[in-house]
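Q: Please find one structure pasted underneath; my questions will follow.
The values are calculated or read from the model by the stated rules, or taken from the named source; none is laboratory data. These numbers were taken from a predicted model, which means no experiment stands behind them. Counting neighbours? That spans all protein chains shown, and the Cβs are built from the backbone with ideal geometry, glycine included. Heavy atoms of the whole protein, side chains included, go into the accessibility calculation; ligands, DNA and RNA do not. Shrake-Rupley method; radii C 1.70, N 1.55, O 1.52, S 1.80 Å.
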Amino acid sequence: MTLLPSGASGPSGSSGLSGSSWSSGPDENGPVPINLWFCPNEDLAPGIAATLASYWLDEHEQEVAGRFLFERDRRQYLVAHALVRRVLALETGIPEAEAIIWRSSRGRPFLQMPTGGLPRGADTLDFNLSHAHAYNLLGVSREHRIGVDVERLDRGERGLENIIATFSPQEQDWIARAAPGRPRDRRALRLWTLKEAYSKARGLGLALPFDSFAFTLAEDQGVLSFRPPADDSARRWRFLEVEPVPEVLAAVAVEVDVAHLPAVHLHHGFPWGRAAPRRLVLPELAGV
């Protein structure tokens, strides 16, 4: 989600960590770190989430929140969008209620640049949100595109066969070689989260055929290689797999300058305090 100049139009539209903090400056004279926030819904009490949302969310977000039939879905939305506005306030200095968030024609959100630029500087800022069954993941990059996705392993086999059918033949074979049940589900969801993160980083979503690109994964965790779609290059991307709590899989796709790879800071919980984040490293890809 790239910042637009003020006035630009757009469609409306297990870490063992506690607490949270942020870092929006360079990391020890290197590139500005990428910040990830993993926030379970339970970290924000329902009453507090509703109160924050009433002050922070814009008219469109309030309208969307009011459409949910089930309270669990409404709570998920309120926590996720309160998280976005809180983190953007920490990253940019723009008060939570004053951030103007637009969506592209494909539904990708971006933050509109205020008149005079950001209070804390920087020309660009990209962010991406994912949530799944009471868990939220938000990624923020100050320099390049980012996409994130999160899934719970205990979702069972709901829709997994249909999902797997969209993968490349090589990926389908790799999944099929795992034992039925949780091992096979884990392989499928590792690929699914990576594919979602990459397509979201590019702003294409499900418009990008998932068999047009493929990942080769390590047995337990990590991307060994990436075959991009015909219109892209593997060199400009790095991928990260994280299991922030047991049985919850998360993936990050980030566009990078290969000469200056940023660190990744993983924060756990809603960002009230300043506990130190977990520092992660973007792994290299084979042959890149």
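Q: Checking residue 205 against (1) open to solvent by 20 Å² or more (accessible area, probe 1.4 Å); (2) within 27 Å of residue 183 (Cβ to Cβ); (3) in contact with an Asp or Glu (Cβ under 9 Å, 6 or more places away or on another chain), only one condition comes out false. Which one?
A: The single condition residue 205 does not satisfy is (2).
Q: Within the bounds of the range 143-165, is there any residue that is at pLDDT below 90, under 27 Å from residue 257 (Cβ atoms) and of a type outside the set (S, T, N, Q)?
A: Among the residues of the range 143-165, at least one is at pLDDT below 90, under 27 Å from residue 257 (Cβ atoms) and of a type outside the set (S, T, N, Q), which makes the answer yes.
Q: Would you check which residues across the range 230-258 are charged (D, E, K, R), crowded, with 16+ Cβ neighbours inside 10 Å and within 13 Å of residue 153 (Cα to Cα) and list them?
A: 243 - this is the single residue of the range 230-258 that is charged (D, E, K, R), crowded, with 16+ Cβ neighbours inside 10 Å and within 13 Å of residue 153 (Cα to Cα).
Q: So which residues in the range 42-71 are closer than 25 Å to residue 242 by Cα and either in contact with a strand residue (DSSP E or B) (Cβ under 7 Å, 6 or more places away or on another chain) or open to solvent by 10 Å² or more (accessible area, probe 1.4 Å) (or both)?
A: If the condition is that a residue be closer than 25 Å to residue 242 by Cα and either in contact with a strand residue (DSSP E or B) (Cβ under 7 Å, 6 or more places away or on another chain) or open to solvent by 10 Å² or more (accessible area, probe 1.4 Å) (or both), then 42, 43 are the ones that fit.
Condition check ((1) in contact with a Phe, Trp or Tyr (Cβ under 6 Å, 6 or more places away or on another chain); (2) under 23 Å from residue 39 (Cα atoms); (3) among the acidic types (Asp, Glu)) across all residues:
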site: 57; (1), (2), (3): no, yes, no
site: 81; (1), (2), (3): no, yes, no
site: 96; (1), (2), (3): yes, yes, yes
site: 105; (1), (2), (3): no, no, no
site: 115; (1), (2), (3): no, no, no
site: 142; (1), (2), (3): no, yes, no
site: 148; (1), (2), (3): no, yes, no
site: 159; (1), (2), (3): no, no, no
site: 164; (1), (2), (3): no, no, no
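Q: Continuing with this model, one more query. Does the range 133-140 contain at least one residue that is in contact with a Cys (Cβ under 9 Å, 6 or more places away or on another chain) and open to solvent by 10 Å² or more (accessible area, probe 1.4 Å)?
A: For the range 133-140, residues in contact with a Cys (Cβ under 9 Å, 6 or more places away or on another chain) and open to solvent by 10 Å² or more (accessible area, probe 1.4 Å): present.
Q: Return yes when residue 112 is open to solvent by 60 Å² or more (accessible area, probe 1.4 Å) and farther than 22 Å from residue 277 by Cβ and no when it is not.
A: Spelling it out, it is not the case that residue 112 is open to solvent by 60 Å² or more (accessible area, probe 1.4 Å) and farther than 22 Å from residue 277 by Cβ.
Q: Could you tell me which residue of the range 56-71 is nearest to residue 42 (Cα to Cα), considering only residues that are part of a loop (DSSP other than H, G, I, E, B) and hydrophobic (A, V, I, L, M, F, W, C)?
A: Applying the filter and picking the extreme gives 70.
Q: Only residues in the range 114-127 that are β-branched (Val, Ile, Thr) and in a loop (DSSP other than H, G, I, E, B) count as the first member; pair them with residues that are open to solvent by 30 Å² or more (accessible area, probe 1.4 Å) and at pLDDT 70 or above, Cβ under 9 angstrom, at least 6 apart or cross-chain, and list the lot.
A: Listed by first residue and then by second, the contacts come to 124/143; 124/144.
Q: Residue by residue through the range 172-214, note down the ones that are in a loop (DSSP other than H, G, I, E, B) and of a type in the set (A, V, I, L, M, F, W, C).
A: Selection gives 178, 179, 204, 208, 210, 213.
Q: So which of 195, 200 ends up being open to solvent by less than 30 Å² (accessible area, probe 1.4 Å) and of a type outside the set (Ser, Thr, Tyr)?
A: Being open to solvent by less than 30 Å² (accessible area, probe 1.4 Å) and of a type outside the set (Ser, Thr, Tyr) holds for just one of 195, 200, which is 195.
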